[in-house]
Amino acid sequence: MPLPGPVSMARMPADRRGPAELEITSPANPRIKQLVALRRRRSRDQAGVTLVEGQAEIELALAAGVRVQAIYFCPALASEDSLPLAAIAGERGAEVVAVSRAVFDKISYREGPDGWLAVVPAVVSSLDSLKLDGGKLGPRPLVLVCAGLEKPGNLGAILRTADAAGIAAVIAADPVTDWGNPNVVRASKGAVFSVPVASATSAQALDWIAVHGLRIVAATPDATQLITGADLTGPTAIAVGAEQTGLSSEWLERADEVVRIPMFGKADSLNVSTSAAIIAYEAVRQRMQAGDVGSDQPVL
């Protein structure tokens, strides 16, 4: 039944908006207010969900087996060739909702929106979900550890690198943000759904690494050893820290090897996502050179 007053949410005729079950035209709709509230971590944690905006990001989530709960699309923004996405999500159990341009402007959190937003279950991020020792992460995994990173954009960019390089997992140690942060999802281009992730304290992450027999290679500009001189072909955890503070003494003291990226300019550091990408692809280079992987195979 349509809600009274300025709130409009009506059942849609079958010949409009393709597979949409509902249409929402008023930004004052209570459901829209709930969507906006999900930008806050507390609201996401309470609801056990997160937001995914963008056609490509939603498609990657679906490809990774994510169960979309609801998908919202704006016919005024969505391209004609993207409309089948609504039908695909609907066939997989998602509620399909068409919204007006005014509504989408309110629920969108990115510049240049393409008219697509989905609600999905919260990202699984426990250390227990990461299976080594011949499990789904492989016998010689390469794991990235991001210690104390503050910016969602950096975490998301690191996930894009991890996906491209075939990294086994990314662990956020002492995280300031959560993996379900919409800006992490956006910056990762949806890779948060394709790369195993976990959140833990540094102590928990260090214990997990020790139990699973990974060597810790810690990156810091104060090291004398260059990254090209480190052996990254075995089970390895590469640790990077926040740009301002770097890795804590806890990580540096437990590291098996401390390395740096060669730098010849006046800047004293690189963006942490850039540093992680350089080190990850040095591992890819070493493993390919050793004949462990082919050009189209993961580095595990």
* Condition met for Ala168 (outside the structural domain of Arg41 (by TED's automatic domain parsing), more than 18 Å from Thr50 (Cβ to Cβ) and in contact with a Lys or Arg (Cβ under 9 Å, 6 or more places away or on another chain)) -> yes
* **Residue list for segment 203-224, restricted to those being out of contact with any Ser or Thr (no Cβ under 7 Å at 6 or more places or on another chain) and not in a loop (DSSP other than H, G, I, E, B)** => Ala203, Gln204, Ala205, Leu206, Asp207, Trp208, Ile209, Ala210, Val211, Ile216, Ala218
* Pair list, Cβ under 6 Å, 6 or more apart: segment 27-48 residue under 15 Å from Asn183 (Cβ atoms), other residue of a type in the set (Lys, Arg) and at pLDDT below 95 -> Leu38/Arg44
* Can you name the condition, by its number, that Ala98 falls short on among (1) within 16 Å of the chain's Cα centre (by Cα); (2) crowded, with 19+ Cβ neighbours inside 10 Å; (3) small (Gly, Ala, Ser)? -> (1)
* Unique match (being in the same structural domain as Ala162 (by TED's automatic domain parsing), over 25 Å from Thr177 (Cβ atoms), at pLDDT below 95 and not hydroxyl-bearing (Ser, Thr, Tyr)) among Gly246, Gly234, Gly241 -> Gly234
* Structure fact -> Exception for Ala198 within (1) among the aliphatic types (A, V, I, L, M); (2) under 25 Å from Ile71 (Cβ atoms); (3) within 11 Å of the chain's Cα centre (by Cα) falls at (2)
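The values are calculated or read from the model by the stated rules, or taken from the named source; none is laboratory data. Since the structure is predicted, the reported quantities are computational estimates derived from the model, not experimental observations. Cβ sites come from the backbone with ideal geometry, for glycine too, and all protein chains shown count toward neighbours.
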